[in-house]
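Every number in this text was worked out from the coordinates using simple rules, so none of it is lab data. What you see is a predicted model, and the numbers here were worked out from it, not measured in a lab. Cβ: placed from backbone, ideal geometry, glycine included. Neighbour counts: every protein chain shown.
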Amino acid sequence: MRLHTVPAGVPRMALRQYLPRAFPAMPGWVARETLKKKDVRVNGARSGADAMIGAGDELTLYVDDRYLTGLPDVIYEDGSLLVVDKPAGLPVDSDGQGVGADTMLSRLRALCPAARLCHRLDTYTGGVLIAAKTDDAEARMREVFRAHALTKLYECVVLGDPPADEARLLGWLAKDAKAARVRVLDHFSPGALSIETRYRVLARKDGLARLEVNLITGRTHQIRAHLSHVGLPILGDDKYGDREANRRVKAPQPLLWCTRIHFGEYDFRSRPKFGVFEF
């Protein structure tokens, strides 16, 4: 059983909409069964999927706790840093409307209440995530990221056959705030930021390629948008990729993983978890 208060600022929505956003690690079948059996009480009353909830409502969830949250897999820890292996599909923090009972930050703070994020990964990107435990550590890490004084490597599976085993991609990235996406341009445009993405091919199989990507600049959605721009969309990426191909091969989310962050004497690594698409 879990008691949960809907945070201030959350707009009214149906319970079936709220649950997967608040508890993204909950399997779909668990959410469906929970709502079907009315195993959620809203302000003390058993409620179904269409019950409307909003800020301040008290929820009582009769759900196995392992489906609601968990502790992070720790890669490294000392007095200053806490480095974890972020699972794909778990957001790093609450969303823009304040929804997010189970996030990477809440899991970090279950281990260390003072933890604060030093950088971010997209919801569906797994891998190395660094948090600071102290103000000094946070300031040092933010300077490392600001100065690009580190190596960030990712692995991904893309649709297509890369024309070369290694490539250095240059371009310009423009944000489209209304569409919540970015565009990659071949030439400068006012407001666009320069980007550099490098990759090397690790394997090729059946029209797919597994790449190691060296993220030189760290812009929003850079890897996903840049690779799609050159005809190599990430498998499972509906925003920048090929939705029909993703459905055909049943790729549920972008296959992108932060495998390594290296700076100074630190070298943090994570193994990708791509399931049936490992090759």
Among the range 176-207, those whose backbone N falls under 11 Å of a label point 7 Å along Cα→Cβ from ASP161 are 205-207
Filtered hits (lysines, Cα-Cα < 16 Å from LYS86, offset >= 8 within chain) -> LYS152, LYS273
Under the Karplus relation with 6.51, -1.76 and 1.60 and θ = phi - 60°, whole-Hz ³J(HN,Hα) for the range 139-149, x at Gly and Pro, equal 5, 5, 5, 5, 5, 4, 5, 4, 8, 6, 8
Taking every other residue with Cβ under 15 Å from the Cβ of VAL99 and scoring Lys and Arg +1, Asp and Glu -1, one gets -1
Binned at 5 Å starting from 0, the alpha-carbon pair-distance distribution of the range 49-201 in whole percents comes out as 2, 7, 12, 15, 17, 16, 13, 10, 6, 3, 1, 0
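Quick check: net charge around GLU143, other residues with Cβ under 14 Å of its Cβ, Lys/Arg +1 and Asp/Glu -1?
Neighbourhood net charge equals 0.
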Note on the range 1-110: contact order normalised by length, alpha-carbon pairs under 8 Å, 6 or more apart, percent, works out to 33
dims of the range 196-274, Cα set, principal axes, largest to smallest, nearest Å -> 44, 23, 20
Expected sort for 13-21, 225-233 on mean C-beta neighbours within 10 Å, highest first, is 225-233, 13-21
Distance in Å, no decimals, from the C-alpha centre of the range 64-107 to the one of the range 209-264 is 22
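By how many nm would the segment from GLU33 to ARG243 grow when fully extended, if each residue of separation counts as 0.36 nm and the alpha-carbon distance is taken off? Write down the numbers at each step before the final one.
Working: separation 210, 0.36 × 210 = 75.60 nm, distance 2.83 nm.
In short, 72.8 nm is gained.
Tell me, TRP257, TRP29, TRP172 in order of fewest to most beta-carbon neighbours within 10 Å?
TRP29, TRP172, TRP257
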Residue by residue through the range 54-69, the couplings from Karplus 6.51 cos²θ - 1.76 cosθ + 1.60 with θ = phi - 60°, in Hz, x for Gly and Pro, are x, 3, x, 5, 9, 10, 10, 9, 8, 9, 3, 4, 5, 8, 9, 6
Cβ density ranking, 10 Å radius, fewest first, applied to PHE145, PHE268 yields PHE145, PHE268
What helix-only [θ] at 222 nm does the chain give? Using -39500 (n - 2.57) per DSSP H run of at least 4, over all residues, to the nearest 500, the answer is -5000 deg cm²/dmol
Toy charge model, Lys and Arg Cβ at +1, Asp and Glu Cβ at -1: the range 151-277 dipole around Cα centroid in debye, rounded to 20, equals 400
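When a/c reaches 1.5 or more, the comparison of a/b and b/c decides; with that in mind, is the chain rounded, prolate or oblate per its Cα gyration tensor?
prolate
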Length-normalised contact order of the range 58-136, Cα under 8 Å, at least 6 apart, in percent, tallies to 34
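Expected output is a single nm value to one decimal: the length gained when fully extending between ARG146 and LEU170, i.e. 0.36 nm times separation in residues minus the C-alpha distance. What is it?
6.7 nm
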For the chain the mean separation of alpha carbon contacts under 8 Å (6+ apart) over residue count, i.e. relative contact order in percent, is 15
Going residue by residue through the range 38-51, the Karplus relation 6.51 cos²θ - 1.76 cosθ + 1.60 with θ = phi - 60° gives ³J(HN,Hα) values, rounded to whole Hz and with x marking Gly or Pro, of 6, 8, 10, 9, 10, 6, x, 9, 4, 9, x, 4, 8, 4
Note on the chain, DSSP bridge orientation, antiparallel percent to nearest 5 equals 95
When the charge dipole of the chain is computed with +1 at the Cβ of Lys and Arg and -1 at the Cβ of Asp and Glu, the Cα pointing farthest to the positive end, of LEU227, VAL144, LEU111, is that of LEU227
